[in-house]
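Enquirer: Can you read through this structure? Questions will come right after.
The values are calculated or read from the model by the stated rules, or taken from the named source; none is laboratory data. None of the values given here were measured: they were computed from a predicted structure. Using ideal geometry, Cβ is built from the backbone for each residue, glycine included, and neighbour counts are taken over all protein chains shown. Accessible surface is based on the protein model in full, side chains and every heavy atom, while ligands, DNA and RNA are left aside. Shrake-Rupley method; radii C 1.70, N 1.55, O 1.52, S 1.80 Å.
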Amino acid sequence: MSLRLLKKVLQEQEGLQHQIRHGDVDDDDDEEHLNESESIGTGARSLINPFDLLDDDDQDSDSNKEIEPVIADEKTNEIYNPPSDINAQPGAPSGQKKKKKKKKKGKEGASSAAKTESSLDETLEALSLDDVASTGQRADAKKEKVQSAKACASSSKKASQCALKVDPKYLNVENELRRIFGAKVVKSFEKGNQGRIRGGRRGTHHIRKTFLISPSEHWTRWDGSFSMEFLETKDGYHYFRYVHSPSYQQAQNAFQAAQAIHDLNGVASVLIHHPYHLDSLVTMADYFRFVGEHQMAADSIGKCLYALECAWHPMFTPFEGNCQLKFSHETNKPLFTTLFTHMRSMDRRGCHRSALEVCKLLLSLDSDNPVGALFCVDYFALRAEEYAWLELFSEEYKTDSSLWLFPNFSYSLAISRFYLEKMESSSGDTPKSNSLDLMKQALMLHPAVLKKLVAKVPLKDQAWTKILKHSYFRSDQSKIPSVDHLINIYVERSYLIWRLPEVQKLLRSAAERVIESLEQNEDDAKDWICVRKEAFPSEKNEYAHLTVQDYSDTVPTLPPDNLQNFVVDPRMVEQGAEGIDEGGGRLVPQPAREVANRNPLAVLFESMLPWVHYGEADDPNNGNHQPDGEGHGHGQH
């Protein structure tokens with residue numbers, strides 16, 4: 001008798017003994033399950049999905065009560081699938097043999113309080129325990145997420161932190177440009193810019209990946225000339241400030257000396273030895289904007305942001321809204337100025353979603369609103385169609401008074417509600433307020449906005465002429481310095497929004513309702529005047545440090561004769577600068593400069609200045625000299 005036949009006979013005998021003990025299995029069923037057990041023991045893998053057994057275990061839980069609990073070995077990654085009919089019990093000897101094989105191979109280790117009759121029972125129990133454990137882990141993970149969300153909502157920190165959380169993926173301008181124009185257009189544009197970089201080559205060092213800016217591979221290595229230090233934790237906020245190294249302080253002294261004499265060449269020489277000196281980079285960015293080289297200006301600002309982010313403290317997590325970098329510290333000011341400039345640059349490129357994230361970052365870093373980001377965040381939210389977020393922000397942001405009292409928020413919230421009403425009407429939801437009433441309220445609170453908008457947009461309909469004849473809208477001044485300054489900022493920043501016909505229709509309907517209301521009760525005008533004076537009690541302009549030009553889309557230009565004044569604060573240019581001659585405001589021409597054995601970068605910067613010359617153009621010794629036009633378009637710095 002062959003070994004295989006002997007094995008089969010023994011298995012049949014064991015099956016009969018098993019049937020006698022249980023008395024609930026037929027001969028045919030026993031033979032069928034023996035064959036299935038043999039296929040499992042030989043290492044064959046079933047095609048049944050293990051997760052499909054979860055429902056089967058629930059349905060047949062009563063028939064599997066005799067299965068004793070086992071603990072599967074956590075090191076194994078093998079899953080043995082049971083047969084389709086899990087109510088049948090295989091023979092004990094066959095199960096013991098398979099159990100030894102699994103222990104020998106190390107694929108299934110099991111420990112139990114009592115011995116089991118078959119390895120199939122062990123497999124079923126182990127599988128059920130794994131499934132229950134994984135299900136329990138998923139349930140626990142869901143509970144933890146819910147608890148963390150509740151903890152965040154009931155946190156003792158200011159509610160403005162949640163509204164000011166920054167999404168880093170929206171900080172990347174290239175991503176938004178790809179979404180707007182398509183990846184092919186952006187890629188071709190990037191190739192064109194790379195071709196303009198004369199003499200550029202791939203750097204031999206590693207460029208760090210940053211969130212605020214996408215660094216160029218041609219930039220020099222971050223020199224670590226300044227860093228950030230942790231100050232304290234107060235009221236749930238972590239306070240930091242930047243710290244300068246001795247070498248950076250020397251560069252700062254050299255920059256201040258060049259600035260005092262309006263020497264742009266001196267500023268350029270600082271960058272030769274300290275390529276990441278922030279004030280020098282900001283100064284060169286201003287110059288490039290004046291001469292129309294916006295790409296080079298953006299590159300200078302990008303280097304500033306790259307260096308500032310490389311110096312971040314490990315505990316500095318600005319995107320969470322829980323870090324403060326006070327503007328009162330002199331070393332922190334470059335971050336605010338460069339972020340504000342970067343935000344304006346993104347707005348000019350049409351990347352309003354990215355500009356909104358930068359604006360949120362500015363507001364989260366210093367709650368005192370030092371650079372006036374609060375007066376343009378509503379504009380970016382409307383341009384990015386973040387209407388719901390704007391309403392949430394106006395409710396959660398903590399300030400001395402309600403945000404709707406400011407001119408920009410009073411009008412922007414009405415526009416935001418107008419677009420949300422459209423969405424809610426299409427979805428069947430009931431609006432919580434009326435945009436027409438909000439617009440009427442804005443006109444009653446700040447009526448001087450209307451006349452300025454009509455002139456700036458402009459609104460040429462005859463209906464506006466009739467409306468402006470009313471005494472309440474006749475003046476474009478509120479006689480409160482702070483309010484008038486904020487109105488000028490709002491109109492300069494947001495007048496483009498009012499060019500949409502549907503928004504103009506809303507404004508006209510609200511203005512007509514205001515006139516009707518005043519004709520019925522003239523005391524309403526006096527009440528709103530009292531509200532305005534109570535909201536802005538100061539008789540001085542509290543926002544004089546914010547210039548209207550900073551919120552304008554236009555780029556100021558200076559005549560070439562006045563370029564020596566550009567290093568000075570633009571506010572001083574209007575008042576006149578000292579130290580220039582009375583003839584034509586031109587600096588005294590300097591003698592011809594030598595270019596031999598000099599840094600090409602310094603020569604490039606000097607060649608851009610109209611009062612700098614290098615002698616005769618046909619002099620063979622001036623081989624390093626480049627024409628001004630070429631330097632403007634192809635310079636690398």
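Enquirer: How big is D for the stretch 400-500, in µm² s⁻¹ as a whole number, if Stokes-Einstein is applied with the Kirkwood radius of its Cα pairs at 25 °C and 0.890 mPa s? Please report the intermediate quantities before stating the final value.
Expert: Details: Rh = 14.5 Å.
The Stokes-Einstein estimate is 169 µm²/s.
Enquirer: Given the stretch 363-423 reduced to its alpha-carbon atoms as identical point scatterers, what log10 I(q)/I(0) does the Debye formula return at q = 0.17, 0.24, 0.25 Å⁻¹?
Expert: The calculated log intensity ratios at q = 0.17, 0.24, 0.25 Å⁻¹ are -0.53, -1.03, -1.11.
Enquirer: Treat each spin label as a single point 7 Å out from the Cα along the C-beta direction, and report the Ser402 to Thr220 distance in nm.
Expert: 5.5 nm
Enquirer: Given a 1.4 Å probe and every protein chain left where it sits, what share in percent of the accessible area of the stretch 221-344 is carbon and sulfur?
Expert: In the stretch 221-344, the share of accessible area belonging to carbon and sulfur is 51 percent.
Enquirer: Cβ neighbours within 10 Å, averaged per peptide: list 440-448, 285-293 in order, most packed at the top.
Expert: 440-448, 285-293
Enquirer: Could you give the length gained by full extension between Lys466 and Lys209, i.e. 0.36 nm per residue of separation minus their alpha carbon distance, to one decimal place?
Expert: 86.8 nm
Enquirer: Enumerate the calculated ³J(HN,Hα) couplings along the stretch 166-183 in order (Karplus 6.51 cos²θ - 1.76 cosθ + 1.60, θ = phi - 60°), each rounded to whole Hz, writing x wherever the residue is Gly or Pro.
Expert: Using θ = phi - 60°, the values come out as 9, 8, x, 5, 8, 6, 7, 5, 4, 4, 6, 5, 5, 5, 7, 9, x, 5 Hz.
Enquirer: A further question follows. Cα extents of the stretch 331-409 along the three principal axes, largest first, in whole Å?
Expert: 30, 30, 18
Enquirer: Given the peptides 296-308, 395-407, arrange them by the average over their residues of other C-beta atoms within 10 Å, most packed first.
Expert: Those peptides, ordered most packed to least, come out 296-308, 395-407.
Enquirer: Kindly flag which residue pairs out of Lys479/Lys526; Lys187/Lys333; Lys451/Lys479; Lys333/Lys456; Lys165/Lys540; Lys333/Lys479 have an alpha-carbon separation exceeding 24 Å in this structure. Walk me through the intermediate numbers first.
Expert: Values: Lys479/Lys526 14 Å; Lys187/Lys333 34 Å; Lys451/Lys479 15 Å; Lys333/Lys456 33 Å; Lys165/Lys540 34 Å; Lys333/Lys479 32 Å.
Check vs 24 Å cut-off fails for Lys187/Lys333; Lys333/Lys456; Lys165/Lys540; Lys333/Lys479.
Enquirer: Need one number: nm distance between label points at Met315 and Asn369, each 7 Å from Cα along Cα→Cβ, rounded to one decimal.
Expert: Modelled inter-label distance: 3.0 nm.
Enquirer: What pairs from Lys209/Lys326; Lys440/Lys505; Lys422/Lys460; Lys398/Lys452 go past 18 Å between their alpha carbons?
Expert: The pairs that break the limit, which is 18 Å between Cα atoms, are Lys209/Lys326; Lys422/Lys460; Lys398/Lys452.
Enquirer: Along the Cα→Cβ direction, 7 angstrom out, place labels at Glu522 and Glu542. What is the inter-label distance in nm?
Expert: 3.2 nm
Enquirer: Roughly how many Å² is the accessible area per residue of the stretch 448-565, as a whole number, for a 1.4 Å probe?
Expert: So the stretch 448-565 comes to 55 Å² accessible per residue, rounded to a whole number.
Enquirer: Can you tell me how much longer the chain between Leu436 and Gln249 gets when fully stretched, taken as 0.36 nm per residue apart minus their C-alpha distance, in nm with one decimal? Walk me through the numbers before you get to the answer.
Expert: Details: separation 187, 0.36 × 187 = 67.32 nm, distance 5.61 nm.
Result: 61.7 nm gained on full extension.
Enquirer: So, in Å, what gap is there between the alpha-carbon centers of the stretch 465-535 and the stretch 376-391?
Expert: Comparing the Cα centres of the stretch 465-535 and the stretch 376-391, I get a distance of 21 Å.
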